Amino acid sequence: MSEIEKLLEEKNVRPTAMRILIYKFMAQKDSAVAMKDIESAFAKADRTTLYRSLKTFEEKNVVHQIDDGTGIAKYALCEEGCNCEIEQDLHLHFHCSNCDETVCLTEHKIPQINLPDGFLAEEVNLVLTGICDKCNSILL
C-alpha cells in the first residue's frame, strides 16, 4: 500500500485510482489549485467525479479551501496532523497579484482571536496580497 493510500485511509477516504491521482497532482504543486486546474490536468475524467473527489477531500480534511479574493475557490493539501480546526490549524495565505498564484504560508499561524461573549467563529480567512518571491526576483 502506498503512502498516499495510507494517508487517505487514515482520513477515512476510500483511495480510488482517481483520488490517488488528484492527490499526487496537488502534492506536486507549490501553490493552491482551482477546480479548473484539476479539470485541465484530467481532461478525460468525468467532471462530476473530480468535483466529488475534491469535496470529499475537503470534508475529510485532506485539503482546505482558500478564498483568495479572486472569486475562484482554490484548494491546497492540509499539513500532516491538520484537522482544520479554528483553534489550532489556521495559517496565512498569500496571493500574488502578478502571477495569480496563491500559496499557503503554513509556518505563519493566525493567532487565536478571543471573540466577545456570544460570538462563535465558523471560518477564518487571512490572505495577504502582493508580489510573491518568484515574481519579485524577476522584477528586480
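Brief remarks follow.
- Which listed residue is modelled with pLDDT under 90 and surrounded by 12 or more Cβ atoms within 10 Å (Cβ to Cβ), from 89, 67: 89
- Of the residues making up segment 1-28, those that are small (Gly, Ala, Ser) and in a helix (DSSP H, G or I) number 2.
- Helices (runs of 4 or more DSSP H) fully within segment 29-140 that include at least 2 residues being over 30 Å from residue 6 (Cα atoms): 133-139.
- Single condition residue 45 does not satisfy, out of (1) closer than 30 Å to residue 129 by Cα; (2) surrounded by 11 or more Cβ atoms within 10 Å (Cβ to Cβ); (3) out of contact with any His (no Cβ under 9 Å at 6 or more places or on another chain); (4) among the small types (Gly, Ala, Ser): (1)
- First in segment 92-121 and surrounded by fewer than 15 Cβ atoms within 10 Å (Cβ to Cβ) and among the polar types (S, T, N, Q), second anywhere and modelled with pLDDT of 90 or more and part of a loop (DSSP other than H, G, I, E, B), Cβ under 8 Å, 6 or more apart: 97/131; 98/131; 98/132
The values are calculated or read from the model by the stated rules, or taken from the named source; none is laboratory data. Quantities reported herein were computed from a predicted structural model and do not represent experimental measurements. FYI the Cβ positions are ideal-geometry reconstructions off the backbone, even for glycines, and counts take in every protein chain you see.
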